[in-house]
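These notes concern the structure reproduced below.
All of the numbers you see were taken from the coordinates with simple rules; none came from a lab. Values in this document were obtained by computation on a predicted structure and should not be read as measured data. Every residue, glycine among them, receives a Cβ derived from its backbone with ideal geometry; neighbour counts consider all protein chains shown.
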Amino acid sequence: MPAPRLRSRSLRKIYVRTPGGRTIIHYRYKKPELAKCSSCGNPLKGVPNERPDKMRKLPKTKKRPSRPHPNLCSKCMRREIIREARKNV
């Protein structure tokens, strides 16, 4: 039976094989959901899927994609830029 603090569903079990041949269980926090496009809901590429403590240690350039609309996927971003260009003409 695991310790009471490890009986949470928020932790995931990782089975680790030791050099002695035993299999033991390590408990780690689950990863958060993928960042999604605000328009279509597809997963965003270029955005890491890490827990807040790991995200805090990443540099700003690694946390988000370097495109004009970081909350949109590339397809929706292109569509948005075309729509803005049509309004300005």
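For the chain, which GluC sites (Glu not before Pro) are in a loop by DSSP, counting at most 10 other Cβ atoms within 10 Å?
Details: sites: E33, E50, E80, E84; in loops: E33, E50.
Here the sparse-neighbourhood loop sites are E33.
Order by neighbour count: H69, H26, fewest other Cβ atoms within 10 Å first, most last.
Numbers: H69 16, H26 11.
Fewest-to-most ranking of H69, H26: H26, H69.
Taking the Cα centre as origin and putting +1 on Lys and Arg beta-carbons and -1 on Asp and Glu beta-carbons, what dipole magnitude results for the chain, to the nearest 20 debye?
Details: 27 positive and 5 negative charges, 32 e Å.
It works out to roughly 160 debye.
Compute the angle between helix 74-88 and the longest alpha-carbon principal axis of the chain, please, reported from 0 to 90 degrees and rounded to the nearest 10.
20
For S8 and R28 in one chain, what is 0.36 nm times their gap in residues minus the Cα-Cα distance, to one decimal in nm? Provide the component values of the computation, followed by the final result.
On the way: separation 20, 0.36 × 20 = 7.20 nm, distance 1.06 nm.
Using 0.36 nm per residue and subtracting the Cα-Cα distance, I get 6.1 nm.
Test of the criteria: in segment 1-85, which trypsin sites (Lys or Arg not before Pro) are in a DSSP loop and have at most 14 other Cβ atoms within 10 angstrom of their Cβ? Don't skip to the answer; put the middle values down first.
Values: sites: R5, R7, R9, R12, K13, R17, R22, R28, K30, K36, K45, K54, R56, K57, K60, K62, K63, K75, R78, R79, R83; in loops: R7, R9, R22, K30, K45.
Passing both the DSSP loop test and the Cβ count: R7, R9, R22, K30, K45.
Extension gain S39-R86, at 0.36 nm per residue separation less the Cα-Cα distance, in nm? If you can, show how the numbers build up before the last one.
On the way: separation 47, 0.36 × 47 = 16.92 nm, distance 1.91 nm.
The S39-R86 span can extend by a further 15.0 nm.
Within the chain, count lysine pairs with alpha carbon atoms under 12 angstrom apart where the residues are 8 or more positions apart or belong to different chains. Could the numbers behind the result be given before it?
Values: K13/K30; K31/K54; K36/K45; K45/K62; K45/K63; K45/K75; K54/K62; K54/K63.
Lysine pairs, 8 or more places apart or on different chains, close enough: 8.
Sorting L6, L44, L11 on the 10 Å Cβ count, fewest up front, what's the list?
Working: L6 12, L44 18, L11 15.
The fewest-first ordering by Cβ neighbours comes to L6, L11, L44.
Compute the distribution of all C-alpha to C-alpha distances in segment 5-89, in bins of 10 Å from 0, and list the percent of pairs in each, rounded to whole numbers.
The percentages, shortest bin first, are 15, 29, 25, 18, 9, 4, 1, 0.
Mean separation of Cα pairs under 8 Å and 6+ residues apart, divided by the residue count of the chain: what relative contact order is that in percent?
Details: 82 pairs, mean separation 17.0, N = 89.
Answer for the chain is 19 percent.
Per DSSP helix of 4 or more residues, -39500 (n - 2.57); summed, then divided by the residues of the chain. What does that give at 222 nm, rounded to the nearest 500?
Numbers: 3 runs with 25 residues, N = 89.
It lands at -7500 deg cm²/dmol.
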